[in-house]
Structures are given as structure tokens and as C-alpha cells.
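**Q** Pasting a structure below so you can have a look.
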Amino acid sequence: MEKGWKEVLLTPDEVRATMARDILSNAEIDAVILNQRDSAYHAFGEFVVYFQEASFYKALELIKELKN
């Protein structure tokens, strides 16, 4: 990932990754999902949510319940 982006969530669940991205986006924090799922076997791999590092503490607070 490019400099200035930080991983905030790693999950095998695409819905959970999308929820995290949407929560961050609604709080005006730039967030993206990196799909690391295997294209042939969808049972392997995960989704990684990244956000702008400048909003580190706010982003962690917003999605802490999704991590549990």
C-alpha cells in the first residue's frame, strides 16, 4: 500500500470490510478495501481495509466494534 495509508481491519468477510469502509467514509475518513482473496478459490484470502494515517485514532475508535 502507498505511504500514508494504515491497515485498520483484516477480515475474511467482505460485508464486514464494506461496513468498515462505509463507517469511515461517513466520518469523512478516506478508506479503501484491498481484496486479497484468491480468484480461483474464494475460500482463501482476506479483505484488508486501509485508511488515511492522519486519522488513526478516530478510525480505530469508529470500527473497534467491527473488530470483535
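**Q** Rank these residues by their accessible area, most exposed first, probe 1.4 Å: 6, 58.
**A** Numbers: 6 75, 58 110 Å².
The most accessible residue leads, giving 58, 6.
**Q** To the nearest Å, what is the center-to-center distance of region 1-15 and region 17-36, using C-alpha atoms only?
**A** Going from one Cα centre to the other spans 8 Å.
**Q** Quote the FRET efficiency, to the nearest 0.05, computed for residue 40 versus residue 18 with a Förster distance R0 of 30 Å and r equal to the Cβ-Cβ distance.
**A** Working: r = 22 Å, r/R0 = 0.74.
The formula returns an efficiency of 0.85 here.
**Q** DSSP loop (so not H, G, I, E, B), at most 13 other Cβ within 10 Å: list which GluC sites (Glu not before Pro) in the chain pass both filters. Walk me through the numbers on the way to the answer.
**A** Numbers: sites: 2, 7, 14, 28, 46, 53, 61, 65; in loops: 2, 28, 46, 65.
Counting only loop positions with at most 13 other Cβ atoms within 10 Å, the GluC sites (Glu not before Pro) in the chain are 2, 28, 65.
**Q** Ignoring ligands, DNA and RNA, please state the percent of accessible area on the chain from carbon and sulfur, probe 1.4 Å.
**A** That fraction is 48 percent.
**Q** Using alpha carbons only, how many degrees (0 to 90, rounded to 10) separate the axis of helix 14-26 from the longest principal axis of the chain?
**A** 20
**Q** Please turn the phi angles of region 52-62 into ³J(HN,Hα) values with the Karplus equation 6.51 cos²θ - 1.76 cosθ + 1.60 (θ = phi - 60°), one per residue in order, whole Hz, x for glycine and proline.
**A** With the stated coefficients, region 52-62 comes to 5, 4, 4, 10, 3, 5, 5, 5, 4, 5, 5 Hz.
**Q** Ok, one more. Could you check which residue among 32, 49, 15 shows the biggest mean-square fluctuation in a GNM of the chain with a 10 Å Cα cutoff?
**A** Looking only at 32, 49, 15, the biggest GNM fluctuation is shown by 15.
**Q** Which percent of Cα pairs goes in each bin when the distances of the chain are cut into 10 angstrom slices starting at zero?
**A** So the P(r) values, bin by bin, are 23, 53, 21, 3.
The values are calculated or read from the model by the stated rules, or taken from the named source; none is laboratory data. Keep in mind the model is a prediction, meaning the values are calculated, not measured. Neighbour counts run over all protein chains shown; Cβ positions are idealised from the backbone, glycine included. To get the accessible areas, we keep the full protein, side chains included, count just its heavy atoms, and leave off ligands, DNA and RNA. Shrake-Rupley method; radii C 1.70, N 1.55, O 1.52, S 1.80 Å.
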